[in-house]
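Have a look at the structure below, then the notes.
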Amino acid sequence: MPPSKGKPHDSLSYGIRETRARPVKMIPLIPKYATMHSVLSAWARCGQVNIKTPQHRGNRASLLAFDYTLGAHARKLSESVFKGAICADDIVDFHSHVPMYASFLTALQAFGWRDRLTGGAPGRDTIAMGIRRMGVVEAETLRKCPTCVREDQVRFGCGHWRLFHQWPAARRCAIHGDELVTHCARCKTPAVRGNEPSLADDPCLNCGCDEWAAEHRDSTTGHWPLMQLMYRALKGQAPELSALVRAHPLLRAPSSTWGDFGAGKADRSHLQHLFTAWHVESPAHLGSVLGMNWNWSADSSSAPSIATSPFMFQAAVLAAEPARQCAS
Ligand SMILES: [Zn+2]
Ligand SMILES: [Zn+2]
């Protein structure tokens, strides 16, 4: 199949190599921003990947057991699992949350991080460790948008899990605005990541029902602008975020500590605006709304600083600002 023919604009054609000697199994067409769990599941369903083969450090755990959310093992996946049909750059840029988080780093930091991931450099990924310390990258249960699933079935033959549906603060699909569904409508079993392939249009593992329901969690006026901002960042279309963070009265270092708050009238009004947009009473409250595990009070020996707050918190502060900063 030539990559240009009938290829949806938001999908990636991971080249199919033709051989005359034996029929080639179809390599599935994968949408951008599908999770790596989704990509591996689709490849496994097509018989292209044995998820039980030892791939990472000789570990025999299912390939699906590894956490690929921040681009880990990109080089190894590309070479030993996808045999070069998906390059490490595409894994990091289109199937991990790295571009979203990189928007909060300086250009140099972001370049170094990405370069390290795609190059398969050994050693610990301290940036990823820092992000994980502050909160979870993806919610515990899998979420999906009903419209995305229906469109995927037509375009790709199966429904995919999307990166931007799994953010803990996500309530709606950033593309369609649909409320994200999380659990079986009949038996209430949530969809979860397991060691077996799973795709977004699979029926409920428990009862076989294929109707899904939403959790109807509280959604505030802050949620939608945050989703739009994060989705732009994920697509690499928000390179200005680190500059906005540095310039923001509540986020810029070093004066903006919670202890100092109230010193300036402007700071107070920004803070009030933030709390109103998110219907919260304190930074800790906002943290819990965003699904973060940052312990604000643990920082109180030195005054807790918003400038060193988790990226997700910074995003929530930026998203609460008037439209000029987060217009897409
Ligand atoms: Zn959608
Ligand atoms: Zn069920």
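Residue pairs whose Cβ atoms lie under 7 Å apart, separated by 6 or more positions or on different chains, with the first residue in region 202-225 and at positive phi and the second of a type outside the set (Ser, Thr, Tyr) and away from ligand 2 (no atom under 16 Å from the Cβ), do not occur. In region 149-175, the residue that is farthest from ligand 1 (Cβ to nearest atom) out of those that are over 16 Å from residue 136 (Cα atoms) and among the hydrophobic types (A, V, I, L, M, F, W, C) is 158.
Is it the case that residue 117 is among the aliphatic types (A, V, I, L, M), within 29 Å of residue 53 (Cβ to Cβ) and within 16 Å of ligand 2 (Cβ to nearest atom)?
Spelling it out, it is not the case that residue 117 is among the aliphatic types (A, V, I, L, M), within 29 Å of residue 53 (Cβ to Cβ) and within 16 Å of ligand 2 (Cβ to nearest atom).
Quickly run through region 162-183 and pick out the residues that are within 16 Å of ligand 2 (Cβ to nearest atom) and in contact with a Lys or Arg (Cβ under 7 Å, 6 or more places away or on another chain). Answer for region 162-183, where residues must be within 16 Å of ligand 2 (Cβ to nearest atom) and in contact with a Lys or Arg (Cβ under 7 Å, 6 or more places away or on another chain): 181, 182.
Of everything in region 179-200 that is in a loop (DSSP other than H, G, I, E, B) and buried (at least 17 other Cβ atoms within 10 Å of the Cβ), the residue that is nearest to ligand 1 (Cβ to nearest atom) is 180. In the set 291, 208, 264, only one residue is at pLDDT below 80 and either aliphatic (A, V, I, L, M) or more than 27 Å from the chain's Cα centre (by Cα) (or both); that residue is 264. For residue 239, indicate whether it is in a loop (DSSP other than H, G, I, E, B), over 21 Å from residue 141 (Cβ atoms) and touching a helix residue (DSSP H, G or I) at 6+ places or on another chain (Cβ under 9 Å). Yes: the conditions hold for residue 239.
Scanning region 174-214 for residues that are of a type in the set (A, V, I, L, M, F, W, C), under 30 Å from residue 232 (Cα atoms) and out of contact with any strand residue (DSSP E or B) (no Cβ under 8 Å at 6 or more places or on another chain) turns up 174, 175, 199. Entry remark, region 185-198: residues being more than 16 Å from ligand 2 (Cβ to nearest atom) and either farther than 26 Å from residue 310 by Cβ or modelled with pLDDT of 95 or more (or both) number 3 in total. Considering region 103-128, the residues that are in contact with a Gly (Cβ under 9 Å, 6 or more places away or on another chain) and modelled with pLDDT of 95 or more include one that is nearest to residue 310 (Cα to Cα), namely 113.
The values are calculated or read from the model by the stated rules, or taken from the named source; none is laboratory data. Since we're looking at a predicted model, the values are computed, not measured. Note: ideal-geometry Cβ built from the backbone for every residue, glycine included; neighbour counts use all protein chains shown.
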